[in-house]
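First up is the structure itself, then whatever we jot down about it.
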Amino acid sequence: MALESSRSVFERARRSVGGGVGSGLRAAMPPHPLFVREARGAHVWDLDGDRYVDYVMAWGPLVLGHGDPRVLSAVSEVTTRMQVVGTGHPLEYLAAEAVLEAVPHGERLLWSNTGTEAVQVALRLARAATGRRRVLKFAKSYHGWHDTVYAGMSEDDCDRPATPGGAGQSASVLDDLVVARFNDVQLAERLLSESAERDIAAVLVDPVMSNAGVEAPTPRFLSTLRTLCDRHGVVLVFDEVIAGFRIARGGAAEKYGVLPDLSVFGKAMAGGFTQSAVVGRADLIDQVTSGVVHAGTFNANPIALAAVAATMRVLADPSVYEQLEGISSEFEALVGAVLGSSGDFGSFNRIGSLLQYVPAGGATGLHGTSGLWTVILEGMLRQGFLFMPSGKVFLSTAHTTADIEATAEALDRLLRQLTSASSRV
């Protein structure tokens, strides 16, 4: 893998694009960001024409792989008739009906464009319904880049005043955040018992900590949150931007049997196109007819909703999730076994088709992971396998057993080389 063209155009991009990339974390790819010219199925081709098995999958949306013909056909048909129209159109309700049919607690929805936007809409609905202003979130969890939720990004940040997660944020809005610890039932009980005094309107939780280690909820955790929110008049919001339509057709509510008041969906729902939604109780959603502002020029645009409707049709087939589970378990078994050959190499956490590299004795986080991952990341890239700097791994129905076997063989070669080099030092 030459990677030379990507290096060259990255330097060019830095002269016109801040950081040289469209989204900041892409710049963390060693030795430099990869630039691609084509993507099909489970593969991408870089500017030199080299092919890579893709485990990035656009950072999660491509549960059906790149360029699924059923999605592209639906989008192509709509683009010949309209793009953005500024009026109502049938796909607004046809796509909504398909989403609501899949989600166990789906009574109504609001369309938006990105997960960050949709989270803000959900919190606005919760505040309007409760008359309160604060939000309880969980340490390390990521709910978008907005000032009001991008905080509490360290395990040490729980149960103390929130601090900005990055430069340039307004610290004043962080008084609205209360930070708890994921799976800590006792702490959640204490904080939510003080909901009225603390002015807590909503609990915002990623049910599987998608950006913080892919950690499954303990058997009591989500059900306890549901009980506590009911008891204390708090709105329970699941952030399923990553997990939704990936870990199960009905998301976390289906997988874990706990129904939130609202869920935020994005990424996988539109098969590679830009769309998000807030889904849940009709009485909460319908507040947009009585004073809650929800707006956006590109909300519910026909092209994105054609992709949503087509993706929902495909995901309605149970065999899709059987296929996803099968290929993901193969990855865990084969690639995970290579890591498991030494206690120093780390391991994978897996929930459905979402995986996370966990270093031996180390920790994971939004911006990356410790241990060998940086070395593995570049070493695998040079052999034709594309992974994420954060250590997350996304599988799709386009991946094959041959892809997984080739990945395991390449990782085995790399780790043997690393072990051999280490023994000579």
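The values are calculated or read from the model by the stated rules, or taken from the named source; none is laboratory data. In this text the structure is predicted, and so the values were computed from the model without any measurement. Heads up, the Cβs are rebuilt from the backbone with ideal geometry, glycines too, and the neighbour counts pull from every protein chain shown. Heads up: the accessible areas ignore ligands, DNA and RNA and are worked out on the full protein's heavy atoms, side chains in. Shrake-Rupley method; radii C 1.70, N 1.55, O 1.52, S 1.80 Å.
Structure values in brief
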read-out	value
Residue within segment 176-188 that is open to solvent by 40 Å² or more (accessible area, probe 1.4 Å), within 20 Å of VAL234 (Cα to Cα) and not in a loop (DSSP other than H, G, I, E, B) present	yes
Among the residues listed as VAL208, VAL235, VAL203, VAL241, the single one being modelled with pLDDT of 95 or more, touching a His at 6+ places or on another chain (Cβ under 9 Å) and within 26 Å of LYS267 (Cα to Cα)	VAL241
Exclusive hit being under 24 Å from THR364 (Cα atoms) and assigned to a loop (DSSP other than H, G, I, E, B), set ALA212, ALA252	ALA212
Residue tally, condition open to solvent by 50 Å² or more (accessible area, probe 1.4 Å) and either in a loop (DSSP other than H, G, I, E, B) or under 17 Å from VAL203 (Cβ atoms) (or both), over segment 154-174	6
Test result for ILE327, at pLDDT 95 or above, open to solvent by 20 Å² or more (accessible area, probe 1.4 Å) and either over 20 Å from ASP68 (Cα atoms) or aliphatic (A, V, I, L, M) (or both)	no
Criterion (touching a Gly at 6+ places or on another chain (Cβ under 6 Å), open to solvent by 60 Å² or more (accessible area, probe 1.4 Å), within 20 Å of PRO389 (Cβ to Cβ) and of a type in the set (Lys, Arg)) met by exactly one of ARG14, ARG40, ARG7	ARG14
Hits in segment 204-225 (condition: closer than 14 Å to LYS137 by Cα and not polar (S, T, N, Q))	LEU204, VAL205, ASP206, PRO207, VAL208, MET209, ALA212, PHE221, LEU222, LEU225
Segment 344-359, residues that are open to solvent by less than 50 Å² (accessible area, probe 1.4 Å) and more than 14 Å from LEU411 (Cβ to Cβ)	ILE351, GLY352, SER353, LEU354, GLN356, VAL358, PRO359
When residues of segment 27-37 are limited to those that are free of Cβ contacts under 8 Å to residues at least 60 places away in the same chain and open to solvent by 40 Å² or more (accessible area, probe 1.4 Å), the one farthest from ALA406 (Cα to Cα)	ALA27
Residues (out of contact with any Leu (no Cβ under 8 Å at 6 or more places or on another chain) and within 14 Å of LEU191 (Cβ to Cβ)) located in segment 158-175	ARG160
Residue satisfying all of: in segment 330-343; under 19 Å from GLY361 (Cβ atoms) and in contact (Cβ under 8 Å) with a residue 24 or more places away in the chain; surrounded by the most Cβ atoms within 10 Å (Cβ to Cβ) among these	LEU339
Complete set of residues in segment 134-161 that are within 16 Å of the chain's Cα centre (by Cα), over 20 Å from GLY244 (Cα atoms) and among the aliphatic types (A, V, I, L, M)	MET153
Every residue from segment 63-81 that is more than 12 Å from VAL314 (Cβ to Cβ), open to solvent by less than 40 Å² (accessible area, probe 1.4 Å) and either not hydrophobic (A, V, I, L, M, F, W, C) or not in a helix (DSSP H, G or I) (or both)	HIS66
Output for segment 215-243, where each listed residue is closer than 30 Å to GLY371 by Cα and outside any helix (DSSP H, G or I)	GLU215, ALA216, PRO217, THR218, PRO219, ASP239, GLU240, VAL241, ILE242, ALA243
Of all residues in segment 113-133 being under 16 Å from the mean Cα position of the chain (by Cα) and either open to solvent by less than 20 Å² (accessible area, probe 1.4 Å) or among the hydroxyl-bearing types (Ser, Thr, Tyr) (or both), the one that is nearest to VAL237 (Cα to Cα)	VAL119
Qualifying residue in segment 268-288 (condition: open to solvent by 10 Å² or more (accessible area, probe 1.4 Å) and on the phi > 0 side of the Ramachandran plot)	yes
Any pair with Cβ under 6 angstrom, 6 or more apart, that starts in segment 360-387 at a residue that is open to solvent by 20 Å² or more (accessible area, probe 1.4 Å) and ends at one that is among the acidic types (Asp, Glu) and modelled with pLDDT under 95	ALA360/ASP344
Among residues of segment 82-112, those that are over 17 Å from LEU315 (Cβ atoms), surrounded by fewer than 19 Cβ atoms within 10 Å (Cβ to Cβ) and either polar (S, T, N, Q) or in contact (Cβ under 8 Å) with a residue 24 or more places away in the chain (or both), counted	10
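To keep it simple, each residue is scored yes or no on (1) buried (at least 22 other Cβ atoms within 10 Å of the Cβ); (2) closer than 20 Å to LEU177 by Cα.
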{"site": "VAL205", "(1), (2)": "yes, yes"}
{"site": "ALA212", "(1), (2)": "yes, yes"}
{"site": "ALA216", "(1), (2)": "no, no"}
{"site": "ARG226", "(1), (2)": "no, yes"}
{"site": "GLY233", "(1), (2)": "no, yes"}
{"site": "LEU236", "(1), (2)": "yes, yes"}
{"site": "GLY250", "(1), (2)": "no, no"}
{"site": "GLU254", "(1), (2)": "no, no"}
